[in-house]
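The values are calculated or read from the model by the stated rules, or taken from the named source; none is laboratory data. Keep in mind the model is a prediction, meaning the values are calculated, not measured. Note that we place each Cβ from the backbone using ideal geometry, even for glycine, and neighbour counts take in every protein chain shown.
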There are 2 protein chains.
Amino acid sequence: LTPLAFLRKTALVYPDHPAVVYHAVRRTWAETYARCFMLAGGLARCGIGRGDTVAIVAANIPEMFEAHFGVPMCGAVLNTINTRLDAEMIGFILNHGEAKAVLVDPEFSEVVERAIRISGRDMLVIDIEDISFEGGKRIGTMTYTELLAGSDPDYEWVMPRDDWDPISLNYTSGTTGNPKGVVYHHRGAHLNAVSNIATWAMPHHAVYLWTLPMFHCNGWCFPWTLAANAGTAVCLRAVRADVVFDLIGHEKVTHFCGAPIVMNMLANAPDHLKHRIRNPLKAMTAGAAPPASVIEKMEAMGVEITHVYGLTETYGPSVICMPQRGWQGLPPDRLARLKARQGVANMALDDLMVADPETMQPVPEDGTTIGEIFMRGNCVMKGYLKNPSATEEAFRGGWFASGDLAVRHPDGYVEIKDRSKDIIISGGENISSIEVEDVLYRHPDIMEAAVVARPDERWGETPCAFVTLKDGRTLGADEVIAFCRENMAHYKAPRHVVFGPLPKTSTGKIQKFQLRERAREV
Amino acid sequence: LTPLAFLRKTALVYPDHPAVVYHAVRRTWAETYARCFMLAGGLARCGIGRGDTVAIVAANIPEMFEAHFGVPMCGAVLNTINTRLDAEMIGFILNHGEAKAVLVDPEFSEVVERAIRISGRDMLVIDIEDISFEGGKRIGTMTYTELLAGSDPDYEWVMPRDDWDPISLNYTSGTTGNPKGVVYHHRGAHLNAVSNIATWAMPHHAVYLWTLPMFHCNGWCFPWTLAANAGTAVCLRAVRADVVFDLIGHEKVTHFCGAPIVMNMLANAPDHLKHRIRNPLKAMTAGAAPPASVIEKMEAMGVEITHVYGLTETYGPSVICMPQRGWQGLPPDRLARLKARQGVANMALDDLMVADPETMQPVPEDGTTIGEIFMRGNCVMKGYLKNPSATEEAFRGGWFASGDLAVRHPDGYVEIKDRSKDIIISGGENISSIEVEDVLYRHPDIMEAAVVARPDERWGETPCAFVTLKDGRTLGADEVIAFCRENMAHYKAPRHVVFGPLPKTSTGKIQKFQLRERAREV
Ligand SMILES: Nc1ncnc2c1ncn2[C@@H]1O[C@H](COP(=O)(O)OP(=O)(O)OP(=O)(O)O)[C@@H](O)[C@H]1O
Ligand SMILES: Nc1ncnc2c1ncn2[C@@H]1O[C@H](COP(=O)(O)OP(=O)(O)OP(=O)(O)O)[C@@H](O)[C@H]1O
Ligand SMILES: [Mg+2]
Ligand SMILES: [Mg+2]
């Protein structure tokens, strides 16, 4: 099993169908296959081969898409690096992953140059040239185009020896600490790519917009999904509402994915942009808990939302909020609340359990008892790269421990209440920061919100809210607190409110550890 | 990887969704899971376990569907036996497959009773009771219901130890000789079940009508597909046009499969029946080459046809005639001719080649050079059960030799011209029997047609046509020959025409070896 077979077959069957669209670039599947082949051949010519790591630091540009095929086609392992990391962290990853080569998008040339210096490693550095980006500098020994041109036309690309050969190396987002490396195998990549099709009943020739970073769990395996169903990858450098809606309209986009903050940005876009949506449009969201109000707004503007949940450790989403027939015709806010739950095991996941992490006893399906989410199945990693202590911590009795706290509803659906590290314990009571945020997102003037624990002498901890307002709105802390008290148990309402922008990871997660530090000082 | 996981998950997520429909029987997924569990427990209680063969001789009734899960859930291997075989052949299979138990539909109790006697084996015999069938007799020691009732409620059902554990044993149709046994693994069953979803972009809750015998390649793996996407299996004992159209209308069927002769029967049904089709309806056809005119008629009545091709040896279809964008808007007859080609490798097949069987050199993509179809990939069997000579013959240089002759068109699509054994060689020229049949099917008075070689002193062989007319029509041999000469090269036109019903296998294939014998005597 390997997703590379998808590319070869699609290039044969649909040679002239558009594979990649990016500004003036429109490449067919035959052209894309040829370029991936040349990428593999070019790397091989530079001495890269089976088992070597090839890193890439790039936005969602065509070269990033090609790397998902071309790098494994020479037997190497693709390590997509989070573009928002600093030089220190990128250097750490280049070192830890033992990169032999790195492909660099000009937007990130400076930080990568420093990172390579920090890593102290000697590696092949390839500059990607991107007509749509001004600036950056050449830091490598050759350009991507030159690399391709150097490929031997008689090169024979390399198939994995078996299912378990590595295809990529992904680091976790580092939301709770240092990123950990997860090795993806051809088998898991194949299964997840196909599971994406089944989940969405995705038709052939889907037009997929790249609002989800490809560096995140290999864009949840969607590059390979698109090869499997002969879709079209619509690339874009930066996710801005105007660009996104333009492309949706122009390219007749049918599917896209993104973190809840991306959905929130789109949901709050001006109406004239939203009107560009004409065709049926489906979006998947994961990476953090989507507030129900955001789901509701997206659906109101004609985007059918599928909420999924997973981790880097599970090849991206492995839990899905499958809609039930009985939900049809429910009022939109009720439906959105049901959809805001994380759901049930997807096709690739065998088993999902919410259990007491001490006793491993499943929690009752009562919607209130909190336990940790445990997972088991084909899409769960075997362990972290060169990190036995973290690996040991992550497994318990054959189950993978997600570190996410959740309840199980009477219908069996799982709902995440918090990360273990984010839950707020006030006067002995658990307060789910997600629940409080959900209420805050319902306030018409609030754009974004995050709630963290603030140390408190009397209660142990109390909730502290960090809030960003919509353009031109004003709001006082008192009003925010009053709104919360009206909409939830009083003890859950934040005691403090801080206004201003929120620190985020580039995978769309709010960095609560930073906010917790700030909260101490409030 | 195992399709059994689909059942468990669907029973959890959609417990109340209808799984099986048959006359008054309407069972949900929770009920079906419970019954499959009891079937496994009941068999275990009778001493059946890992690696044992459990045979079943049954029509497409609910018990047959359940056996696809319940039998492997006790670790056993399901051997679905062709219901139209005679006692001799069933006895041979029971023996060759080493059946420890057999489940018997009352419709086949007599022939199975004789078969067991012929096999000389001692085995557990279970009588299925079917309210919708009158007749038959009890030949076993207990009924299916008693078997289920005997199950231990604390029984823990058995998961395969790994992907490669056997799940079922299927015998080829015996069109060209004795049936050969093919062992299916959990892995292949899983992959094919999912590939069915991707091929059709099959939505959740598809309503699937069982016009394809479940004994044939495990109904091409569709029982497991339905578990994966929480569909509904609409069962039926016999495929008759009135019943089929009734069920399509009543149960709001969305998908069905069948051999070309089933499609032909439906295409020639009275118009008042056809009008029961209201919803979008998709059908897959395989098992023999569908005449273009049959595809055209089906599509004209609102059924979207997907033509697929495969063998028992490849878990059923592994080649698919994927429609191309450019085909949209073509005249129906032209479209039907394109769709009558077998196509390209599906998701589960890695490689498809048409090559000279001597040199293994691929034929040019010219639409005229004939070669044999070779296949390679995850869905190809490893070998025949206890038949090393047939296994050796079936593989050449890592490729599986299909025994089917085909051309490759300039667009890469494969078109079968004949089985190796059926091709007619006249005056040194190859004549494709399928091509001649295709012309015959275009004649308005002809219902069914088959063309075989007849020994001829001068030409070596000449084509001899066997023809069935539509009800109430009359036609002379001369007229048939004249029609053929008008529509194809003269040397390809049949020299002899015989009228009357055609001998068929129960997998919907015309038994040409019988016709060849008859042709000698003409
Ligand atoms: N649909 C969702 N709802 C709630 N939380 C989600 C959802 N999807 C993902 N998450 C959160 O994201 C986490 C997985 O993210 P990822 O693997 O990108 O790294 P991270 O856990 O954020 O970082 P690190 O493991 O390095 O701290 C999950 O454990 C969960 O906390
Ligand atoms: N779409 C199709 N077009 C043409 N022929 C087909 C198609 N699908 C199946 N076939 C024929 O059916 C064969 C596979 O059938 P199956 O495995 O049921 O047994 P069989 O080959 O008929 O019997 P046996 O191998 O015992 O002689 C293929 O080799 C091919 O000849
Ligand atoms: Mg994590
Ligand atoms: Mg055969």
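Summary table
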item	result
Unique residue being in contact with an Asp or Glu (Cβ under 7 Å, 6 or more places away or on another chain) and within 14 Å of another protein chain (Cβ to nearest Cβ) when the list is B:GLN342, B:GLN324	B:GLN342
The range A:355-406: number of residues that are within 27 Å of A:HIS185 (Cβ to Cβ) and within 14 Å of chain B (Cβ to nearest Cβ)	7
Residues of the range B:288-313 that turn out to be over 24 Å from B:ASP445 (Cα atoms) and within 11 Å of ligand 2 (Cβ to nearest atom), as a count	8
Condition broken by B:LYS282, with the remaining ones in (1) surrounded by fewer than 21 Cβ atoms within 10 Å (Cβ to Cβ); (2) without any contact (Cβ under 8 Å) to a residue 60 or more places away in the chain; (3) among the basic types (Lys, Arg) satisfied	(2)
Pairs with Cβ under 9 Å, 6+ apart, first in the range A:296-314 and over 16 Å from A:TRP200 (Cβ atoms), second within 16 Å of ligand 2 (Cβ to nearest atom)	none
Leading residue by the ranking (surrounded by the most Cβ atoms within 10 Å (Cβ to Cβ)) among those in the range A:304-319 that are away from ligand 3 (no atom under 16 Å from the Cβ) and within 20 Å of A:PRO213 (Cα to Cα)	A:HIS307
A:MET347 being within 21 Å of the chain's Cα centre (by Cα), in a loop (DSSP other than H, G, I, E, B) and either over 24 Å from A:SER195 (Cα atoms) or more than 14 Å from ligand 1 (Cβ to nearest atom) (or both)	yes
Options A:ASP163, A:ASP122: the member that is within 14 Å of chain B (Cβ to nearest Cβ) and among the charged types (D, E, K, R)	A:ASP163
Sole exception among (1) in a helix (DSSP H, G or I); (2) in contact with a Ser or Thr (Cβ under 9 Å, 6 or more places away or on another chain) for A:GLU113, by number	(2)
Selected residue (only one of B:ILE167, B:ILE81, B:ILE128 is touching a residue at least 40 places away in the same chain (Cβ under 8 Å) and within 16 Å of ligand 2 (Cβ to nearest atom))	B:ILE81
Which listed residue, of A:ASP351, A:ASP411, A:ASP356, is surrounded by fewer than 17 Cβ atoms within 10 Å (Cβ to Cβ) and within 17 Å of A:SER318 (Cβ to Cβ)	A:ASP351
Subset of the range A:144-176 that is modelled with pLDDT under 95 and closer than 19 Å to A:THR80 by Cα - its residue that is nearest to ligand 3 (Cβ to nearest atom)	A:THR172
Matching residues, the range A:278-294, being more than 14 Å from chain B (Cβ to nearest Cβ) and either within 11 Å of ligand 1 (Cβ to nearest atom) or charged (D, E, K, R) (or both)	A:ARG278, A:MET284, A:THR285, A:ALA286, A:GLY287, A:ALA288, A:ALA289, A:PRO290, A:PRO291
Residues (in contact with a Lys or Arg (Cβ under 8 Å, 6 or more places away or on another chain) and outside the structural domain of B:PRO280 (by TED's automatic domain parsing)) located in the range B:197-247	B:TRP200, B:HIS205, B:VAL207
Selection within the range B:26-55 - among the β-branched types (Val, Ile, Thr) and without any contact (Cβ under 8 Å) to a residue 60 or more places away in the chain	B:THR28, B:THR32, B:VAL54
Filter result for B:ARG121 (in a loop (DSSP other than H, G, I, E, B) and basic (Lys, Arg))	yes
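So that you can scan it fast, the table gives a plain yes or no per residue for (1) modelled with pLDDT of 95 or more; (2) not assigned by TED's automatic domain parsing to the domain that holds B:LYS492; (3) not basic (Lys, Arg):
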{"residue": "B:ALA406", "(1), (2), (3)": "yes, yes, yes"}
{"residue": "B:HIS409", "(1), (2), (3)": "yes, yes, yes"}
{"residue": "B:ILE431", "(1), (2), (3)": "no, no, yes"}
{"residue": "B:ILE446", "(1), (2), (3)": "yes, no, yes"}
{"residue": "B:VAL452", "(1), (2), (3)": "yes, no, yes"}
{"residue": "B:ASP456", "(1), (2), (3)": "no, no, yes"}
